[in-house]
Amino acid sequence: MAPIPGSGLAKGLAVTLRTMTRKSHTAQYPDVQPELPPRSRGVIGLFEENCTVCMLCARECPDWCIYIDSHKETVPAAAPGGRERSRNVLDRFAIDFSLCMYCGICIEVCPFDALFWSPEFEYAETDIRDLTHERDKLREWMWTVPEPPALDAGAEEPKELVAARKAAEKLATQQAATTQPAPPATPGAPTTPSTPGLDAPSAPGAPDVPGAPGTPREGGTA
């Protein structure tokens, strides 16, 4: 069936009229902050306590906009006779957001969960050189990272949470066992006076205690 002449124009005008009758909504930014979706890619936050300076994020970054400096420190032995160990200490962690293309590869490859997406987006600068933010600023953005979404009903609990809970329960059990007070004495129960040298009979085959009554001394008689 051939289209009716002018039907396309009528459809376009219908859309225009329908839009004209709707009430316009203007976002009053910056007086009113926008409601961003929970997975917005605003800026990258750093939780430096989890960073082990493995350099994976810097190596995998396609723009080479992550700069990391570190040094090695010697950790003394945890127990006598143990050997000393060396660990990397983070000195600098900076991201040049004038080069970053917000691909999120650095966050995906981090094996220790040290990088997170924050919905913050108000970090524009008049000088492009000021878009290189150091770890202090990245740590401030870390506290604006939203909580992860809740698990689906019936979903399996993450193994990290299960392991952490078991470790906490085991530690609590050990602490309770070490701090448990001794049971009080029963009123009226007879007590046996303690005599030096006669606290407990010698077990068969046990070595004799010198000086105990009835025990022959070496080279003499009882």
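The values are calculated or read from the model by the stated rules, or taken from the named source; none is laboratory data. Just so we're clear, the structure is a prediction, and the values are computed from it rather than from any experiment. Neighbour counts run over all protein chains shown; Cβ positions are idealised from the backbone, glycine included.
What is the residue count in region 76-87 for residues that are surrounded by 10 or more Cβ atoms within 10 Å (Cβ to Cβ) and within 29 Å of ILE44 (Cβ to Cβ)?
Result for region 76-87: 1.
Might you check whether a residue that is touching a helix residue (DSSP H, G or I) at 6+ places or on another chain (Cβ under 9 Å), closer than 20 Å to PHE97 by Cβ, in contact (Cβ under 8 Å) with a residue 24 or more places away in the chain and assigned to a strand (DSSP E or B) occurs anywhere in region 47-65?
Among the residues of region 47-65, not one is touching a helix residue (DSSP H, G or I) at 6+ places or on another chain (Cβ under 9 Å), closer than 20 Å to PHE97 by Cβ, in contact (Cβ under 8 Å) with a residue 24 or more places away in the chain and assigned to a strand (DSSP E or B), which makes the answer no.
Just to be sure I understand, how many residues within region 29-44 are outside any loop (DSSP other than H, G, I, E, B) and in contact with an Asp or Glu (Cβ under 8 Å, 6 or more places away or on another chain)?
Summing the residues that are outside any loop (DSSP other than H, G, I, E, B) and in contact with an Asp or Glu (Cβ under 8 Å, 6 or more places away or on another chain) in region 29-44 gives 1.
Checking the condition modelled with pLDDT under 95, closer than 30 Å to PRO37 by Cβ and β-branched (Val, Ile, Thr), which residue from ILE95, ILE128 passes?
That would be ILE128, the only listed residue that is modelled with pLDDT under 95, closer than 30 Å to PRO37 by Cβ and β-branched (Val, Ile, Thr).
Applying the selection to region 105-143, what residues are surrounded by 14 or more Cβ atoms within 10 Å (Cβ to Cβ) and assigned to a loop (DSSP other than H, G, I, E, B)?
Across region 105-143, the qualifying residues are CYS110, ALA114, PRO119, GLU120.
Show the residue pairs that are 6+ apart or on different chains and have beta-carbon atoms under 9 Å apart, the first residue being within region 26-40 and in contact (Cβ under 8 Å) with a residue 12 or more places away in the chain, the second being among the aromatic types (Phe, Trp, Tyr) and surrounded by 10 or more Cβ atoms within 10 Å (Cβ to Cβ).
LEU36/PHE121; ARG39/TRP117; SER40/TRP117; SER40/PHE121
Given the conditions (1) more than 15 Å from ILE107 (Cβ to Cβ); (2) of a type in the set (A, V, I, L, M); (3) surrounded by 10 or more Cβ atoms within 10 Å (Cβ to Cβ); (4) within 37 Å of the chain's Cα centre (by Cα), which single one is not true for ALA58?
Evaluating ALA58 over (1) more than 15 Å from ILE107 (Cβ to Cβ); (2) of a type in the set (A, V, I, L, M); (3) surrounded by 10 or more Cβ atoms within 10 Å (Cβ to Cβ); (4) within 37 Å of the chain's Cα centre (by Cα) leaves (1) as the failure.
Within region 68-79, which residues are in a strand (DSSP E or B) and either farther than 21 Å from ASP130 by Cβ or in contact with a Ser or Thr (Cβ under 8 Å, 6 or more places away or on another chain) (or both)?
SER70, HIS71, LYS72, GLU73, THR74, VAL75
Answer yes if at least one residue in region 118-125 is farther than 20 Å from PRO30 by Cβ, at pLDDT 90 or above and not charged (D, E, K, R), and no otherwise.
No, every residue in region 118-125 fails to be farther than 20 Å from PRO30 by Cβ, at pLDDT 90 or above and not charged (D, E, K, R).
Look through region 80-104, keep the residues that are small (Gly, Ala, Ser) and not in a loop (DSSP other than H, G, I, E, B), and return whichever of them is nearest to GLU122 (Cα to Cα).
Across region 80-104, the extreme among qualifying residues is ALA94.
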